[in-house]
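Coordinate-derived values only; no laboratory data. Quick caveat: nothing in here was measured; it's all calculated off a predicted structure. Counting neighbours? That spans all protein chains shown, and the Cβs are built from the backbone with ideal geometry, glycine included.
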Amino acid sequence: MCDRFSPNSCQRSVQSTIDPGYSGVAYTSGRIIVISAKWLRDNPQDTVVITHECMHVVQSYPRYDPSWLVEGIADYARWKYGINNPAVGWWLPNFDSSQHYTDSYRVTARFLAWCEKFYPKIVNQLNAVMRNNLYSANFWKQFASGKSVNQLWTEYSRNPKL
């Protein structure tokens, strides 16, 4: 992930902590990944949660904004690079008309995977503008032949096949 998303400035040293007092799944702060002891106990095969959290380390975005894209790219990385997703029942959800690209996590990740079929560099490009604190919705038009994120979502909703 470093080579693809942050080749010149990737943090290659990460500290992970298993926290018995944390009730969520996992979170990242800087280079520190905290994983819930309960989550690991209840989901011992879900080591791929680390892929999502490591992507946050790689991202190193100056702002967590827009959050749907931050988490969508992290789940995209889990989908793309995770090696144990099927064993733990993790997948990208099928499209549903009630979804929206701002739903974050897996929904956004699937949308990004679909976008990448037509614009192979789009995830890398979005990641780069996020890392440089330059993100605006206008970048979608720049990276997707003049199409806005809303236009892409409309196309995706008509034919969401990956």
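Taking a quarter of the surface of the Cα convex hull of the chain, what do you get in nm²?
Projected area, direction-averaged: 9.6 nm².
At 18 angstrom or more along the helix axis (alpha-carbon based) and mean Kyte-Doolittle of -1.0 or higher, what helices does the chain contain? Whole DSSP H runs only.
67-81, 105-118
Could you compute the FRET efficiency for Gln125 and Asp19, with r as their C-beta to C-beta distance and R0 at 35 Å, rounded to 0.05?
0.50
Given the DSSP H assignment, sum -39500 (n - 2.57) over each helix run of at least 4 residues in the chain and divide by its residue total; what's the result at 222 nm in deg cm²/dmol, nearest 500?
After summing the helix terms and dividing by residue count, I get -13500 deg cm²/dmol.
How charged is the neighbourhood of Val58? Take every other residue with its Cβ under 13 Å from the Cβ of Val58, and add Lys/Arg as +1 and Asp/Glu as -1.
With Lys, Arg at +1 and Asp, Glu at -1, the neighbours total +4.
Name every cysteine in the chain that ends up alone, with no second cysteine's Cβ under 4.7 Å, or say none.
Unpaired cysteines in the chain: Cys54, Cys115.
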